[in-house]
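Worksheet: one structure, shown below.
A short reminder: the numbers here are calculations on the coordinates, not readings from a lab. These numbers come from a predicted model, not from an experiment. A quick note on method: Cβ atoms are made from the backbone with ideal geometry, for glycine too, and the neighbour counts reach across all protein chains shown.
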Amino acid sequence: MHANGELISRGYDAFAAGDLNTVAELFADDIIWTQTGEHVLAGEFHGKDAVFAFFGRLLEMTNFTFRQTVHAILADDDHVVVLTDSAWDSPREFRGHDVFVWHVRDGKATHCWAIPSDQAASNAALI
């Protein structure tokens, strides 16, 4: 696997294990997270603190039942595309497919665009 794919894969594994220190090491200090949609978590988050606050809010809103399964990782020298299934059980059950497009520079994730395959269902589950 391409080195950038390995970097992002380590991030998904660390997040699933609750190892946010490793996730933080993989992110550039000025990372940007773009969450598409029309729900309370949609928007653009700048910097590690804002991105981790977003993660915390997502976990809280799903009563800590959020989980992902990675299906494929495609990577080159600048980008990584990750195909996942995402799910949570509470307060509204949700199952969906997502595409995450990562920009990587100098061994750090600098931007992530999170795009659900069914934006309407994602919006409804997060309102």
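Structural descriptor for the stretch 3-125: relative contact order 26 percent, calculated from alpha carbon pairs under 8 angstrom and at least 6 residues apart. Among Gly47, Leu58, Ala114, whose Cα lies farthest out toward the positive end of the dipole of the chain, if unit charges sit on the beta carbon of Lys, Arg (+1) and Asp, Glu (-1)? Of the candidates, Leu58 comes out farthest on the positive side. Seen from Gln119, the other residues with C-beta closer than 15 Å to its C-beta sum to a net charge of -2, counting Lys and Arg as +1 and Asp and Glu as -1. Given their separation in residues at 0.36 nm each and the Cα-Cα distance between them, Asp77 and Phe64 gain 1.3 nm when the chain is fully extended.
Counting neighbouring Cβ atoms within 10 Å and putting the fewest first, the residues Val82, Val99, Val51 line up as Val99, Val51, Val82.
Order these by the 10 Å Cβ neighbour count, fewest first: His2, His46. Kindly include the intermediate steps, with their values, before the conclusion.
On the way: His2 15, His46 11.
Exposure proxy ranking, most exposed first: His46, His2.
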